[in-house]
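These notes concern the structure reproduced below.
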Amino acid sequence: MANPSVALGQTSWHGAGAAEFDLRSDTMTKPTPSMLNAICQTTLLDDVFNEDPTTNELQSYVAQRTQHEDALLVLSGTMGNQVAIRSHLTQPPYAVLCDHRAHIICYEAGGVSLWTGATVQTVVPKNGIHLTLEDVKKYAVLDDNIHHCPTKLISLENTLDGMVMPLAEARRIVEWAHANDIKVHLDGARLWEAVVSGAGSLSDYTSLFDSVSLCFSKGLGAPIGSILVGSKELIKKARWFRKSIGGGTRQSGVFASAARVAIDETFGTDSHGKTGQLFGTHEKAKRIGEMWTSRGGKLQYPVHTNMVWLDLEASGVGPNDMATIGEELGLKLLGGRIVVHYQVSDEAISRLERVFDTAMKGDFQRSEDQSKPYGSSKP
């Protein structure tokens, strides 16, 4: 049998590779050698029968770190959110309230309507950054008027477009919701980033909510997977719904093992992420924001974590221009959204600076196709 270490040395996954020059998303990271080694050493029993030790240990570990009773490994953040929402909603009529930019409504293929039949009430936050209790109160439906659809679930997102919902505001919303018999789910795909920014510890946030989804492949660098945490009753029901949509994987230890490494290496072993690698991405994002504004560019949103939103329209630059200039310099860009992950190199930042110079000086001949929207907010 071939030596696994030799095989790892030959794989194109070894090292960051092209990921260091890809700023389209923090899903572009490559698994590290330690993740790949964990995959080689993992257990290969059946998760549908709840028998795989690596998967079960990961679920117990995350449940403990988030101060929840149980956890369920899922294939993606979308699956985690949709299974959670379906598990919370029992008897219609019911409505789900969320931010108008929320991933569950904008980027999950209509899953909420498809799987639950729920009405979705989207809300534009007055402060332009995150929902507040006042926003929620204004739109939540609490009465039993037969003309209305009662709010039975609030879904918050942290971070949302890289911006942090403060812990105090999250607590206000959850406490009010629970007082009015409303469940609250957190799409915490990038909650790791909010924690590392200093907004609060992981358990400070997660313990507030009835359910939380956390992503291993956004920011943390695992090749696949997310996890849903909640009560034992909720996770039992979620396991059922996961199975119904094809999420009952067999030898799940293959991706559970890499996810465990990603948590401990990339986020860190302490509750504030101080021992991981994410904080450096925030520093690079701030640097990129300053590079842009120092050249007269405008930002669409403030830089809180690892995302920089360039207001291309206000800056007189087309989204296709940025992508094409970047391509000429070996960078992959997506409109005005720049996402920094921990494998983005200093050389990539230097090249991006040259992209900014070219774009802002107007030296680039624009493409005829300007049909794409500014600042695409893809996952």
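Cross-link list Lys183/Lys243; Lys237/Lys274; Lys183/Lys286; Lys243/Lys284: which exceed 32 angstrom alpha carbon to alpha carbon?
Lys237/Lys274; Lys183/Lys286; Lys243/Lys284
Arrange the peptides 161-167, 87-93, 184-190 so that the one whose residues have, on average, the most other Cβ atoms within 10 Å appears first.
In decreasing order of mean packing, 161-167, 87-93, 184-190 become 184-190, 161-167, 87-93.
I want to make sure I understand the PRE zone here: with the label point 7 angstrom from the Cα of Glu353 toward its beta carbon, which residues in segment 283-324 have backbone N atoms less than 13 Å away?
Answer for this model: 287-292, 294-295.
Can you tell me the mean projection area, over all orientations, of the convex hull of segment 83-149's alpha carbons? Units nm², please.
The directionally averaged projection comes out at 4.9 nm².
Relative to the Cα centre, what is the charge dipole magnitude of the chain, using +1 at the beta carbon of each Lys and Arg, -1 at the beta carbon of each Asp and Glu, and rounding to the nearest 20 debye? Could you put the intermediate results ahead of the total?
Working: 36 positive and 43 negative charges, 60 e Å.
It works out to roughly 280 debye.
Report the calculated FRET efficiency for Ser60 and Asp143 (r = Cβ-Cβ distance, R0 = 35 Å), to the nearest 0.05. Please report the intermediate quantities before stating the final value.
On the way: r = 42 Å, r/R0 = 1.19.
Computed FRET efficiency for Ser60 and Asp143 comes out at 0.25.
Could you give the nm distance between label points at Asp46 and Leu114, where each point is 7 Å from its Cα heading toward the beta carbon?
For the pair Asp46/Leu114, the computed spacing is 2.8 nm.
Using alpha carbon centroids, what distance separates segment 261-305 and segment 130-197, in Å?
Value for the Cα centre distance between the two parts: 24 Å.
So what is the relative contact order of the chain, in percent, for Cα pairs below 8 Å that sit 6 or more residues apart? Walk me through the intermediate numbers first.
Numbers: 765 pairs, mean separation 81.9, N = 379.
Relative contact order comes out at 22 percent.
On a straight-distance basis, which aspartates and glutamates could pair with Lys298 in a cross-link, Cα separation under 13 angstrom, same-chain partners fewer than 8 positions away excluded?
Glu290, Asp311, Glu313
Taking 41 Å as R0, compute the FRET efficiency from the Cβ-Cβ separation of Gln67 and Glu327 and round it to 0.05.
After rounding to 0.05, the efficiency reads 0.35.
Which Cα, out of Thr159, Ser244, Leu72, lies furthest along the positive dipole direction of the chain (beta carbon charges, K/R +1, D/E -1)?
Farthest towards the positive pole: Ser244.
Spin-label point model (7 Å from Cα, Cβ direction): what's the Ala18 to Arg171 distance in nm?
4.6
In the chain, with Lys and Arg counted as +1 and Asp and Glu as -1 at Cβ, which of these residues, His148, Ser213, Leu310, has the Cα nearest the positive end of the dipole, that is, farthest along it?
His148
What residue among Ala359, Ala109, Ala71 has the largest mean-square fluctuation in a Gaussian network model of the chain, using Cα springs under 10 Å?
For the chain, modelled as a Gaussian network with Cα springs under 10 Å, the answer is Ala109.
Taking the chain as a Gaussian network, Cα atoms linked when under 10 Å apart, which of Ser113, Ser207, Ser252 shows the biggest mean-square fluctuation?
Looking only at Ser113, Ser207, Ser252, the largest GNM fluctuation is found for Ser113.
So for the pair Ser271, Trp240, with labels modelled 7 Å out along Cα→Cβ, what separation do we get in nm?
Once both label points are built, they end up 3.3 nm from each other.
Place a label point 7 angstrom from the Cα of Ala179 along the Cα-to-Cβ direction, then list the residues of segment 125-161 whose backbone nitrogen is under 13 Å away.
Counting backbone N atoms under 13 Å from the label point, the list is 133-134, 137.
At 222 nm, what helix-only mean residue ellipticity would the chain give, in deg cm²/dmol to the nearest 500, using -39500 (n - 2.57) for each DSSP H run of four or more?
The helix-only estimate for the chain comes to -11500 deg cm²/dmol at 222 nm.
Using only the Cα atoms of segment 279-344, build the gyration tensor, take square roots of its eigenvalues as a ≥ b ≥ c, and label the shape rounded, prolate or oblate: rounded if a/c is under 1.5, else prolate if a/b is larger than b/c, else oblate.
Details: a/c = 2.00, a/b = 1.19, b/c = 1.68.
It comes out oblate by the Cα gyration axes.
Quick note: the coordinates plus some simple rules give every number you see, no bench work behind them. Quantities reported herein were computed from a predicted structural model and do not represent experimental measurements. When we count neighbours, we look across all protein chains shown, and the Cβ atoms used for this are built from the backbone with ideal geometry, even at glycine.
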